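A.B. asks: Below are the structure tokens for one structure; questions will follow.
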Amino acid sequence: QLTKEAYRQVLLDSALREAQARQELTLVFQPQFDVVRSQLIGVEALLRWHHPQLGSVSPAQFIPHAERTGLIRSIGQWVLESSCRQGAQWQAEEHDFGTIAVNVSASQFHDESFVEQVQHVLSKTGLAPTKLELEITEGVLAQDTHGLIEKMQILRSIGVRFSIDEIGTGYSSLSFLKRMPLDRLKLDRSFVDEVTSDENNKIIASAVIALGAAMGLEVVAEGVETKAQETVIRAMGCNKMQGFLYGRPMSGEEVEALF
Ligand code: C2E
Ligand code: MG
């Protein structure tokens, strides 16, 4: 059992190492909507890996692996640059796509040169900094907080936006959240799931939405799959949604059909 798992890890490691060079990594984009104003407010870039033998490997599976092996550095750099290039193209064509959100893992954010990397990619691609949103998970906050707020503030000062992903699943202190230059909270889909039937999910979802309102932040509900979930979440005061009900993660061309 253990050997099999160890073997799989080694296999994943070497396969992932070659994935970039072989162009097996692609990005898809999931739209985010303001359902009251019927308006596209942004897209989230999500990584996809298709390996010829292993098939499709979920980012939930290979991102933690890439973090352990340090491969996240080059993969994250590629994701950031590709996303900014896509956004810059839409910007040049004057499409109103809102913001492009890029997921940034803890080890990327804690990299010494992270701020410079972002600034470099922005100037290289020409994407307006205000069109870029960096999504950090609540888990990033749990780790070494040293320098985190300072890094965020530098990027914020040039216009980059920040959102907290998977809010409600971690243990971040509210006073710490308050000190960060944030724009958005993303209500985790585990709470959206069964929000219509499960009392605990309902309580957490409405608490997160109230927290966002109190902090003057936008809240985007993630993983909305049914009209019933939308209705309950809207009644709680949240109008911004992302989920299969509105659109699956799709190619850049498919996003363009939404403009
Ligand atoms: P996440 O940032 O919370 O992304 C949302 C996930 O929910 C995506 O899974 C998306 O496909 C899925 N999703 C969206 N709407 C629905 C829905 O209505 N129902 C259900 N059941 N699922 C929905 P995905 O693409 O498999 O990504 C999983 C996680 O992998 C992401 O969670 C993110 O933490 C990480 N990830 C993805 N791309 C990147 C990346 O480029 N860099 C880093 N560091 N992490 C990434
Ligand atoms: Mg995300």
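The values are calculated or read from the model by the stated rules, or taken from the named source; none is laboratory data. Nothing here was measured: the structure is a model prediction, and the numbers come from that model. Here the Cβ is made from the backbone with ideal geometry for all residues, glycine too, and neighbour counts use every protein chain on show. Only protein heavy atoms, including side chains, enter the accessible area calculation; ligands, DNA and RNA are left aside. Shrake-Rupley method; radii C 1.70, N 1.55, O 1.52, S 1.80 Å.
A.B. asks: Only residues in segment 219-230 that are at positive phi count as the first member; pair them with residues that are assigned to a loop (DSSP other than H, G, I, E, B) and within 11 Å of ligand 1 (Cβ to nearest atom), Cβ under 6 angstrom, at least 6 apart or cross-chain, and list the lot.
C.D. replies: Gly223/Gly243
A.B. asks: I've got another one for you. Take residues that are within 12 Å of ligand 1 (Cβ to nearest atom) and over 23 Å from Glu24 (Cα atoms) and tell me which of the helices (runs of 4 or more DSSP H) falling wholly in segment 54-126 contain 2 or more.
C.D. replies: 106-109
A.B. asks: Another question, then. For segment 1-31, what are the residues that are open to solvent by 90 Å² or more (accessible area, probe 1.4 Å) and touching a residue at least 12 places away in the same chain (Cβ under 8 Å)?
C.D. replies: Arg17
A.B. asks: So if I check each of Gly243, Gly216, which one is within 16 Å of ligand 2 (Cβ to nearest atom) and at positive phi?
C.D. replies: Answer to the check: Gly243.
A.B. asks: I'm checking my understanding of the structure. Among residues of segment 73-86 that are within 15 Å of the chain's Cα centre (by Cα) and either more than 19 Å from Trp49 (Cβ to Cβ) or free of Cβ contacts under 8 Å to residues at least 40 places away in the same chain (or both), which one is nearest to ligand 2 (Cβ to nearest atom)?
C.D. replies: Among them, the one singled out is Gly76.
A.B. asks: Condition check: under 20 Å from the mean Cα position of the chain (by Cα), at negative phi and in contact (Cβ under 8 Å) with a residue 24 or more places away in the chain. Does Met180 satisfy that?
C.D. replies: Criteria met by Met180.
A.B. asks: Also, quick follow-up: Val10 is checked against (1) within 14 Å of ligand 1 (Cβ to nearest atom); (2) modelled with pLDDT under 95; (3) over 25 Å from Ser123 (Cβ atoms) and fails just one. What number does that condition carry?
C.D. replies: That leaves (1) as the condition not met.
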